[in-house]
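Here's the structure we're looking at; comments come further down.
The values are calculated or read from the model by the stated rules, or taken from the named source; none is laboratory data. Keep in mind the model is a prediction, meaning the values are calculated, not measured. Positions of Cβ are generated from backbone atoms using ideal geometry, with glycine treated the same way; all protein chains shown enter the neighbour counts.
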2 protein chains.
Amino acid sequence: MIPLEKRIDLLKVIAHPIRIKILEELTQGVKCVSDFEDSLDISQPNVSQHLTLLRTNGIVDFFVDGRLKCYFLKEPFIPDLLEILKKEYEEDIPAPACCPVTKKGTYPGERRR
Amino acid sequence: MIPLEKRIDLLKVIAHPIRIKILEELTQGVKCVSDFEDSLDISQPNVSQHLTLLRTNGIVDFFVDGRLKCYFLKEPFIPDLLEILKKEYEEDIPAPACCPVTKKGTYPGERRR
DNA sequence: TAAATACATAATAATATTCGCATGTGATTA
DNA sequence: TAATCACATGCGAATATTATTATGTATTTA
């Protein structure tokens, strides 16, 4: 059993526009740091910082190829997450009809709002 | 089309242990604030703050019942997210065999790490 | 109507995140 | 071997997040 806490930490790391973009690009295949520099339009140190954060959290890894570092997706949770991030939902969850038992258990049986 | 940016904002709001716990409890049914006080073991103002954050982001809503506020899940994205958060994965994504074309397109065809 | 209950808000302090800039390192090339 | 390329790291400033304490508001009860 993977502890839920660990997954929540991953979620926190992932929940950033730039890092989501990085992960989406990595689902398309391996990329090196300077590839991201081009596609993300942020500074090289910033790319490096995001990649380092993803790597230290076990989300991506890389292999070295000459002076390039080739990053790839490692964490199997990512593709599933990216998929539901883009999923369309038609409607909100319907509001409960009325008044389940809560703390007091003394609900009058009439919804007032 | 729901903008991805919006979903990422949601992700950021959700990525907190207490708020995940709140959402998990809400998948079980409606709860009022003091129910959370009992189950979460944090102060009442803190419960209120987390719930307010979830509400202002359209993730939950409530109806008023006397002096109780009955919170319920609203955002349909949540159950899917909670489900994959708890999903078990056996292995990492296999590392790519070698050397796709990146910026330089001059890969020597040999993986060095 | 005074007190109690259920919850929200404001203000603050501690901590974390994020990005910029400067600099450093290792590999390749001229 | 000096210069260049690809990338990482250190540091600092701005901003965001989080939880605590104190206080406020609306509803119900005594």
Might you check whether a residue that is buried (at least 16 other Cβ atoms within 10 Å of the Cβ), within 16 Å of DNA strand C (Cβ to nearest atom) and of a type in the set (A, V, I, L, M, F, W, C) occurs anywhere in the range B:91-99? yes
Residues to consider are B:LEU4, B:LEU23, B:LEU40; find the one that is on the phi < 0 side of the Ramachandran plot, more than 10 Å from chain A (Cβ to nearest Cβ) and surrounded by fewer than 18 Cβ atoms within 10 Å (Cβ to Cβ). B:LEU40
Can you tell me which condition A:LEU26 does not meet? The list is (1) within 19 Å of B:GLU5 (Cα to Cα); (2) at pLDDT below 95; (3) of a type outside the set (Ser, Thr, Tyr); (4) in contact with a strand residue (DSSP E or B) (Cβ under 8 Å, 6 or more places away or on another chain), and all the others hold. (2)
Considering only the range B:56-70, I want to know if a residue exists there that is of a type in the set (Asp, Glu) and modelled with pLDDT of 95 or more. yes
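I'm trying to understand the selection: among the residues of the range A:34-45, which are within 11 Å of DNA strand C (Cβ to nearest atom) and either touching a residue at least 12 places away in the same chain (Cβ under 8 Å) or of a type in the set (D, E, K, R) (or both)?
A:LEU40, A:ASP41, A:ILE42
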So A:LEU82 ticks every box in (1) among the aliphatic types (A, V, I, L, M); (2) assigned to a loop (DSSP other than H, G, I, E, B); (3) at pLDDT 95 or above but one. Which box is left unticked? (2)
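Of all the residues that make up the range B:52-74, how many are closer than 25 Å to A:LYS6 by Cβ, more than 10 Å from DNA strand D (Cβ to nearest atom) and either polar (S, T, N, Q) or more than 7 Å from every other protein chain (Cβ to nearest Cβ) (or both)?
Of the residues in that region, 4 qualify.
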Quick one: is B:LYS6 within 10 Å of DNA strand C (Cβ to nearest atom) and without any contact (Cβ under 8 Å) to a residue 12 or more places away in the chain? no
